[in-house]
Amino acid sequence: MTDASTLHDTAVIGGGPAGLAAAIALAQAGARTALVARRVPYADNRTTALLGASVDLLETLDVWSRCKDKAAALEVMRLVDDTGRLFRSPEVRFSCHEIALDAFGYNIDNRSLMLALEQRAAELPNLVRFDDEAESVIIEADDVAIRTASAQFLSARLVVGADGRHSLCREAAGIEVTRRELNQTALTFNVGHVRPHRNVSTEFHTPHGPCVFVPLPGDRSSVVWVSAPAEAERLRSLSDEELSAAVEKQSHSILGRMTVEPGRNLFPLAIERPKSFGRDRIALVGEAAHVVPPIGAQGLNLGLRDAADIARLAGEAIAAGQDPGADEVLKRYDRARRPDILSRTFAIDIANRSLLNDFLPLQPVRAVGMHLLGAIGPLRRFAMREGLTPTWRR
């Protein structure tokens with residue numbers, strides 16, 4: 001049931017994985033929470049590689065046990081230079097066992113993850129669901145007033161904007177965003193293959209971006225193929241047989257004969273970053289707070305860390321009898337998220353630029369860097385640990 005007459009401690013606008021995780025985490029932290037999100041069937045077949053800290057969070061939220069049987073472990077990550085350039089990098093392999101882990105993380109279809117999150121959210125007595133969309137967000141002195149599309153009204157002292165790239169919450173707070181189009185498009189789909197993947201994720205680096213094969217349960221993998229927009233459109237328009245042959249060729253047949261499964265999605269790539277991650281009783285999470293290319297599986301993992309941080313800070317404020325939407329809480333949230341988001345965005349941008357730039361003198365620099373990463377054990381182990389969890393969070 002919904003109760004619009006109560007002033008909520010927190011309200012989350014947006015029902016994607018980051019929004020649902022934030023709502024659950026806030027409720028578990030003791031906040032009387034409203035979730036404003038339409039219940040819609042999760043239609044596509046995209047997947048997410050959840051890295052270690054994200055799995056830990058989902059365990060804390062009592063979500064992971066409900067969906068882990070739908071996930072495939074990621075034990076080895078291979079980086080293969082497939083640029084065909086004069087100076088090419090050696091293959092680099094990262095093994096979770098080298099840093100005493102059973103897996104770097106797990107790849108799971110988003111539909112299964114969403115079902116588990118929805119199931120957990122429905123169990124929490126202090127989490128109220130408004131099965132609707134936010135139409136207006138008005139910031140007032142002591143709270144934020146929200147009007148939904150079906151003319152329901154609610155208010156909260158803190159609003160968490162998990163409402164995506166075109167965030168109504170971000171606009172209401174007057175937070176500017178910088179955006180850079182990348183002239184790249186990601187084509188995503190799943191494949192079956194005749195050879196086992198053995199829990200190895202392989203990322204081929206091409207002159208137009210990465211093509212990644214990430215394990216799924218059984219002899220299946222999810223594919224993220226980044227290329228120029230026109231080429232991505234051409235690939236999507238191929239028949240199943242033609243795309244199966246093309247993706248097998250791109251993989252150099254490492255998994256044998258491939259069969260494309262139903263469902264293809266195109267996503268133009270960009271980098272987006274707001275000037276602030278929290279202001280005027282609004283905290284941004286997920287793609288409202290950052291948009292990055294699908295390199296290194298950082299997108300949703302960043303979003304889940306957003307959810308964990310705002311829940312921790314809001315929970316601490318409520319436990320101390322303070323206002324969870326106070327300026328100081330939002331300043332602490334901004335300070336907590338800024339180094340993580342900026343460092344990840346910078347690293348992803350540099351890695352992507354190094355693929356796209358065919359300036360000859362830069363090729364041996366990239367090749368030497370990758371060689372050192374693969375050959376020097378302490379450096380490789382440092383890179384693995386940083387890729388999973390930033391130093392300051394450990």
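The values are calculated or read from the model by the stated rules, or taken from the named source; none is laboratory data. Predicted model only: the values in this text are computed from it and were never measured. Note that each Cβ is placed from the backbone with ideal geometry, even for glycine, and that neighbours are counted across all protein chains shown. Areas reflect the complete protein model, heavy atoms only, side chains present, ligands, DNA and RNA absent. Shrake-Rupley method; radii C 1.70, N 1.55, O 1.52, S 1.80 Å.
Side notes on the structure shown:
- Here segment 168-197 and segment 96-139 have alpha carbon centers that stand 18 Å from each other.
- As a fraction of the 1.4 Å probe accessible area of segment 134-247, surface on carbon and sulfur atoms comes out at 51 percent.
- Rounded to 5, the percent of DSSP beta bridges in the chain classed as antiparallel: 70
- FRET efficiency, residue 42 to residue 280 (Cβ-Cβ, R0 35 Å, nearest 0.05): 0.65
- Filtered trypsin sites (Lys or Arg not before Pro), segment 1-70: DSSP coil and at most 14 other beta carbons within 10 Å: 38, 39
- Acute angle (nearest 10 degrees) that the helix 110-121 long axis makes with the longest principal axis of the chain, alpha-carbon atoms: 20
- Exposed-loop-free span, longest in the chain, where GluC sites (Glu not before Pro) count as exposed if DSSP calls them loop and at most 15 other C-beta atoms lie within 10 Å: 177-394
- 5 angstrom amide H check on residue 202, placed H, neighbours 5+ away: 78, 213
- Reducing segment 298-346 and segment 230-251 to their Cα centroids gives an inter-centroid distance of 41 Å.
- With all pairs of different C-alpha atoms in the average, the Kirkwood value for the hydrodynamic radius of segment 103-150 is 13.9 Å.
- Bridgeable aspartates and glutamates around residue 70 (alpha carbons under 18 Å apart, same-chain partners fewer than 8 residues away excluded): 44, 56, 59, 62, 102, 109, 118, 219, 261.
- Global geometry of segment 70-207, whether rounded, prolate or oblate, following the gyration tensor of its Cα atoms and the 1.5 cut on a/c: prolate
- Backbone phi angles across segment 166-177, fed through the Karplus curve with coefficients 6.51, -1.76 and 1.60 (θ = phi - 60°), yield HN-Hα couplings of 9, 5, 5, 5, 4, 5, 4, 7, x, 8, 6, 10 Hz in residue order; Gly and Pro are listed as x.
- For segment 78-173, chymotrypsin sites (Phe, Trp or Tyr not before Pro) meeting the loop criterion (DSSP other than H, G, I, E, B) and having at most 15 other Cβ atoms within 10 Å: 87.
- Cα-projected label distance for residue 147 with residue 56, points at 7 Å along beta-carbon direction, nm: 4.4
- Candidate residues 333, 42: accessible-area rank, largest first, probe 1.4 Å: 42, 333
- Checking (1) 73, 49, 46; (2) 64, 40, 39; (3) 78, 43, 38 against the coordinates, the calculated Cα extents along the principal axes in Å falls under label (2).
- Ordering 155, 43, 80 by the projection of their Cα atoms onto the charge dipole of segment 33-179, which places +1 on the Cβ of Lys and Arg and -1 on the Cβ of Asp and Glu, puts 80 at the extreme positive end.
- Modelled FRET efficiency - R0 22 Å, residue 133 with residue 265, Cβ distances, 0.05 increments: 0.50
- Cα gyration tensor, segment 1-66 - rounded (a/c under 1.5), prolate or oblate: oblate
- Accessible surface computed residue by residue for segment 1-56, with neighbouring protein chains in place and a 1.4 Å probe, gives 36 Å² per residue.
- Cα-projected label distance for residue 240 with residue 183, points at 7 Å along beta-carbon direction, nm: 3.6
- Taken per residue, the accessible surface of segment 200-296 reaches 38 Å², heavy atoms only and a 1.4 Å probe.
- Relative to the longest principal axis of the Cα atoms of the chain, helix 362-375 runs at roughly 80 degrees.
- Placing dummy labels 7 Å off each Cα toward the beta-carbon, the span from residue 99 to residue 249 is 3.7 nm.
- Computed from Cα atoms, the angle from the helix 299-319 axis to the main principal axis of the chain rounds to 30 degrees.
- In straight-distance terms, cross-link reach from residue 275 covers every one of the lysines whose alpha-carbon lies under 23 Å from its own, apart from those fewer than eight places away in the same chain; here that gives 331.
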